[in-house]
Amino acid sequence: MAAPFPPPPGPRFVLRGTQSPVNTLHFCPASQALGNPLLFSGSQSGLVHIWSLQTRRTVAALNGHKGQGVTWLKTLPQGHQLLSQGRDLRLCLWDLAEGRNTIMDTVQLDSVGFCKSSVLARGQLCWMLAVPGKGSDEVQILEMPSKTSVCTLKPEADAKPGMPMCLGLWQTNSSPRPLLLAGYEDGSVTLWDILERKVCSRIACHEEPVMGLDFDSQKAKGVSGSAGKVLAVWSLDGQQSLQVYKTHELTNPGIAEVTIRPDHKILATAGWDHRIRVFHWRTMKPLAVLAFHSASVYCVAFATDGLLAAGSKDQRISIWSLYPCS
Amino acid sequence: MDPALSAVRLTVQEAIHTLSSSEDVGHILSTLGTLKRYLGGTEDPALPEKEEFTTIHFSAILRCLVSKLSPGWLELSPDGQLEQLWESFFLDGPPDQAFLVLMEAIESTAGPSFRLMKMARLLEIFLSKGRVAALMEEQCRPQTKPSFPLFQETLLSKVVGLPDRLGNSLQQDNLTQFLPQNYFPLLGQEVVEVLKAVVNFLQGGLDCSVSFVSRVLGKVCIQGRKKEILGVLVPQLTVLTQDSCLWQRVCWRLVEQVPDRAVEAVLTGLVEAAPRPEVLSRLLGNLVVKNKKAQFVMTRKLLFLQYQHTTPMLQSLLGYLAVDSQRRPLLIQVLKELLETWGNSSAVRHAPLEQQCYISKAILVCLAHLGEPELQDIQDELLASMMAGVKCRLDSSLPPVRRLGMIVAEVISSRIHPEGPPLKFQYEDDEMSREMLALATPGPAGACSSETGGPSLASVVTETPVETPEKTVDSDVPSVQPQGSDSELDSDDEFIPYDMSGDKELKSSKEPRYIRDCLEALTTSEDMERWEAALNVLEGLVYRSPEATREVSVELAKVLLHLEEKTCMAEFEQLRQRALVAVTVTDPEQVAKYLTTQFYGLNYSLRQRMDILDVLVLAAQALSRPRSLQRLSQHGPPGSGTLCAPALASSQPGNAATPDWQVVVEERIKSKTRRFSKGCPRRELTGGPNEFNSVAGYFFFPLLQHFDRPLVTFDLLGDDQLVLGRLAHTLASLMYLAVNTTVAVPMGKALLEFVWALRFHVDTYVRRGLLSAVSSVLLSVPTERLLGDLPDELLEARSWLADVAEKDVDEDCRELAMRALLLLERLRDKLLSISSP
């Protein structure tokens, strides 16, 4: 009668106190934390909380979005700078060095959608930013920190993919050409070549809007989750064309975010069904279903040391430690 | 008198004299040589002299030779010449006389002695040289001289009774050849030899009779040795009769000549041994048409009066009837009679299940053999019998009987109306039903059996398709393997999946939090999701808030009892039942009162009444169980439904998180530690009051009150015997669960009265319930009270039980009665052991 598999573990600890649904999470890279690992969380009330993972308390709360929800957080590689995207149509750049928390710069956005932006570092002080554009189906590419608009990626007139829902900037090690993966409202994933401003490849892998995607540039494979029941894994071949590699049927529909662990071994999904699902990245074998939250899970994030954090509508952030990084 | 014949007599007298008196080897040898001439093939003495010798004097000579047998006498000639000559008289002379003298000598010689063993060895040689065949062959020849019926009779009884007689004489020293399991196959082989000779004679134009062989066969079969002899005979005859009409006629004759009283034994044996209907047809011919006795055996006795035979035997028997056009009317007749029996309600009630199964199989086999036009002719009769049969079978309370009815009805209706819409019942597919349906398909069975080319050919045909899939599988393996090895390329040992059984569809969170909300949702809610959620959480809510439940317990029970499945919900029945049980456990007195009165209420379906009974038993079980166990089983989250969780918890009381090393260390410490008291350290069981004690009466007595008062809608003693059976089983369970309660004694008394009133009920299921009720009375009521308060009832029950154990048609009933009797015995033993010291 004993089950052949061990029962799923509980969270390592839980962070409470955002007093608002947690929209997005981001681990501070280990290189910047210097022995005091930090976690950033963006909540629907517009605050960005900085958590110390040692004391499990908030270090600071950044209020820069006028009470409008924070949808995306990302640290910049040059250190102690945090980007936050809010529903107040602003993208703020925070200076966190030496205990400061001041806004250094802001970028005005034009889109009122939920699309999260994406960043690609292109040099020590120079980085590229992809944000949803002015037109409802456009993506705008900015050169930072100069804020010059490089280009606007607009689908062909007859494609009608709807709004962009999630973005992923990346470039291969071999070539300096930046590429953009964008998931659209009609369920398709598109690969853009930014310099040529053209679509390299496009696959319709979901029936419902794509809610989150992540890409593994080593294996040239990516994964996307949608509002529907299917998790799709697609691969990129030498001719820069996308192909559906595998799909995985979920028990309940709705994936808010998909994240691959930095060591490319496992991936986690944030489910609208209150559950976090963990898969083996290469085989897509389901490994665990973590049922802890009592409302939709909005975001999942991995630290470089393998720690998993999930934020939920139930205002809690759960921290898990599964399958330690080797 | 012919001088030559008198010369023979003279020679014989002289020889006997010489043998009995002379000690001179040469003289004896020459005398024997002279006599031997009369037997041998040499044409020295004339034929009449030989005949005179063999018919009249041979026995006397043999007897004389037997009487001389002793070690000293045989050693007169050291080179064994005398012994050889002595033996040759028995082995070369007329076999019947030699056999009779040998048997007579063996039987008359007492005790273990040289002579006895010598004779036995000689008989062994006699058998191994095929002299029995010669003996029987002799009896088959046209008899020139008037034969004595008595002589043949003696011969017959000695041939057939040889193993018994030898066993009697030789006792411990019996030779293996004379054991029945060796002798009768040999006899079978000898019969084949005789028949071969007979066929040769017939081909040579000589007249022959096989009646002696038939009588041997009949007698052996009556003695119950049909398997041994026919096991040898039938396969050989199968081959021999295949191409030869003459052989077939000899076989038919052989069976026809079997005496009447042996017909049944021989035919049963043949039907059992014949592998296929065609073979049976070749062996028997049209015997059933010609011989009344054979017809009776084949069409009535084997089908209606016996039911121990195997299905292949049924198939060859009915197939035999179907093969020939002359016999087909018999098959139709048989089918009609079978169906008549099948449709007879009294037969359904009183015949054992095995017999009903046997008859159903026979019907299906008949149907498979009969063609469309033949069935059309008797369509009406078939339909009438079928309808009657299906009706009384579906009424039965035993599932196998119901299933038999469904299967047979389906097959019959599909055969009668092949083009009409098929009749289709819902029944569980089990081994029996598959076997039955396989019987009903005529196609492959007939095709296979018509291929009489030989079993080897058939097996080759069947083997080839078996081999091909194996090959394809083999060829598949390499293509599969790379894929498998790819996924195993680098080990995934570190990624062991966790248990994902909890990953279920998410329901919208509308579940009620309070009992009264649940009640409202179940009664008035139009929102089906809420209704389902309410039913899902109800059991857990009831256990969590007993106080709130008690306020509305009866109302809740009423709602649940009348609850209908509005949506297609998985596990609706279980959820409802579990909730009802929970309510009953929480407030046993009120709810049990309510449920037991509703059991005899007016407007309930049988289903609801049976639900009431089930709930009462389950609740009683929960109440009578110690509280600690009960809690444990309730603790599992109501939504998860995983029963393994409490089991795990109970098996590993520490908890699941205990690391492996800790377990290992504890094991080591345990193995190194010596303890003075042995036995595993067990947890102290906490005692508590049996909660069933105070309320058992509310569960039990109201159920007994009205069973004999029929309502318009509910008649326990009439048509609703299924519920009566359930009631009996329920009462038995309640009685059993009431062990160690104060109310057990009056309960036992009332239950025995109930049993007594119904003890001759016709329905098997009811009887089973009553028998288990008696057993639980014996188990639950304390011994001294049982004997003090209920001695008369026990005596009556005992005689009834003994009667059931011996005579009941149902095997389970007999077994249950036996168990109850054993319990009574144990009771008596206990009493004796109390009173003796």
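Details
- Debye equation applied to the C-alpha atoms of segment B:707-835, log10 I(q)/I(0) at 0.14 Å⁻¹: -0.59
- Rounded to whole Hz, the Karplus (6.51, -1.76, 1.60) HN-Hα couplings of segment A:299-308, x for glycine and proline: 8, 10, 9, 10, 8, 5, 7, x, 5, 10
- Overall, chain A carries a charge dipole of about 700 debye about its Cα centre when +1 sits on the Cβ of Lys and Arg and -1 on the Cβ of Asp and Glu, all other atoms neutral.
- Angle between chain B longest axis and helix B:399-416 axis [Cα atoms, degrees, rounded to 10]: 70 degrees
- For segment B:729-837, chymotrypsin sites (Phe, Trp or Tyr not before Pro) are listed when DSSP marks them as loop and at most 16 other Cβ atoms sit within 10 Å of their Cβ; the list is B:Phe760.
- Dipole magnitude of the protein assembly as shown about its Cα centre (Cβ charges: Lys, Arg +1; Asp, Glu -1), debye to nearest 20: 3100 debye
- Separation of alpha-carbon centers, segment B:797-837 and segment A:197-226, rounded to whole Å: 77 Å
- Distant-in-sequence amide contacts of A:Leu242, defined by a placed amide H-H separation under 5 Å and a gap of 5 or more residues or a different chain, comprise A:Arg202.
- Exercise: per-residue mean of other protein chain Cβ atoms within 10 Å, A:282-289: 5
- The stretch between B:Ser67 and B:Phe760 holds 242.5 nm of extra length on full extension. This uses 0.36 nm per residue minus the Cα-Cα distance.
- DSSP loop GluC sites (Glu not before Pro) with at most 14 other Cβ within 10 Å: longest gap in chain B: B:76-418
- Positive dipole terminus of the protein assembly as shown, leading residue within B:Leu195, A:Phe27, B:Leu32 (C-beta point charges): A:Phe27
- Interchain or long-range residues, amide H under 5 Å from A:Met211's placed H: A:Gly225, A:Ser226, A:Ala227
- For chain A, the longest site-free run once GluC sites (Glu not before Pro) in DSSP loop states with at most 16 other Cβ atoms within 10 Å are removed: A:1-155
- Beyond 30 Å in Cα-Cα separation lie the following of the pairs B:Lys293/B:Lys361; A:Lys198/A:Lys313; B:Lys227/B:Lys391; B:Lys68/B:Lys227; B:Lys504/B:Lys593: A:Lys198/A:Lys313; B:Lys227/B:Lys391; B:Lys68/B:Lys227; B:Lys504/B:Lys593.
- Candidate cross-link partners of B:Lys292 among the lysines, defined by an alpha-carbon separation under 24 Å and a same-chain spacing of 8 or more, comprise B:Lys219, B:Lys226, B:Lys301, B:Lys336.
- Extension gain from B:Gln705 to B:Lys504, taking 0.36 nm per residue of separation minus the Cα-Cα distance: 67.7 nm
- Projecting the Cα atoms of B:Leu65, B:Ile496, B:Ser671 onto the charge dipole of chain B, computed from C-beta unit charges around the Cα centre, puts B:Leu65 farthest toward the positive end.
- Taking every DSSP helix (H) stretch of at least 4 residues in chain B, weighting each as -39,500 (n - 2.57) and dividing the sum by the residue count yields a mean residue ellipticity at 222 nm of -22500 deg cm²/dmol.
- Computed label-point distance, nm, for sites B:Asn286 and B:Glu138 using a 7 Å Cα→Cβ extension: 3.9 nm
- Once the Cα gyration tensor of chain A is diagonalised, semi-axes √(5λ) in Å: 28, 26, 18
- Loop sites in segment A:166-252: trypsin sites (Lys or Arg not before Pro), DSSP, at most 15 other Cβ within 10 Å: A:Arg197, A:Lys219
- Look at where the Cα atoms of segment B:320-337 and of segment B:727-745 average out, and the two centres are 55 Å apart.
- Dipole in debye (nearest 20) - segment B:515-625, about Cα centre, beta carbon charges: Lys, Arg +1; Asp, Glu -1: 420 debye
- In order along segment B:332-348, phi translates into HN-Hα couplings of 4, 4, 4, 4, 4, 5, 4, 5, 4, 5, 5, x, 7, 5, 5, 5, 4 Hz, rounded to whole numbers, per the Karplus curve 6.51 cos²θ - 1.76 cosθ + 1.60 with θ = phi - 60° and x for Gly and Pro.
- Cα shape, segment B:515-625, gyration tensor, a/c 1.5 rule: oblate
- For A:Lys265, the lysines whose Cα falls under 20 Å of its own Cα, not counting residues fewer than eight places away in the same chain, are A:Lys219, A:Lys221, A:Lys246, A:Lys285.
- Each of B:Leu779, B:Gly718, B:Leu831 was scored by the projection of its Cα onto the charge dipole of segment B:707-835, and the greatest displacement toward the positive side belongs to B:Leu831; charges sit on the C-beta of Lys, Arg, Asp and Glu.
- Straight-distance crosslink candidates among lysines, where the alpha carbon sits under 26 Å from B:Lys830 and sequence neighbours closer than 8 are dropped: B:Lys749
- Other residues lying with their Cβ under 12 Å from the Cβ of B:Asp708 contribute a combined charge of -1, Lys and Arg counting +1, Asp and Glu -1.
- Checking every one of the trypsin sites (Lys or Arg not before Pro) in segment B:103-138 against DSSP loop status and a limit of 14 other Cβ atoms within 10 Å picks out B:Lys129.
- Residues whose amide H falls under 5 Å from that of B:Asn690, counting only those 5 or more places apart or on a different chain, are absent, with hydrogens built in the peptide plane.
- Debye intensity ratio I(q)/I(0), log10, chain B, q values 0.05, 0.10 Å⁻¹ (C-alpha model): -0.54, -1.17
- Summing Lys and Arg as +1 and Asp and Glu as -1 over all other residues whose Cβ lies under 12 Å from the Cβ of B:Ala134 gives a net charge of -3.
- Cβ-Cβ distance of B:Arg9 and B:Leu175, R₀ of 30 Å, FRET efficiency by 1/(1 + (r/R0)^6): the value works out to about 0.20.
Bear in mind that the values in this text are calculations on the coordinates, not laboratory data. The shown structure was predicted, so the numbers you read here are calculated from the model rather than taken from an experiment. Glycine gets a Cβ as well: all are built from the backbone with ideal geometry, and neighbour counts include every protein chain shown.
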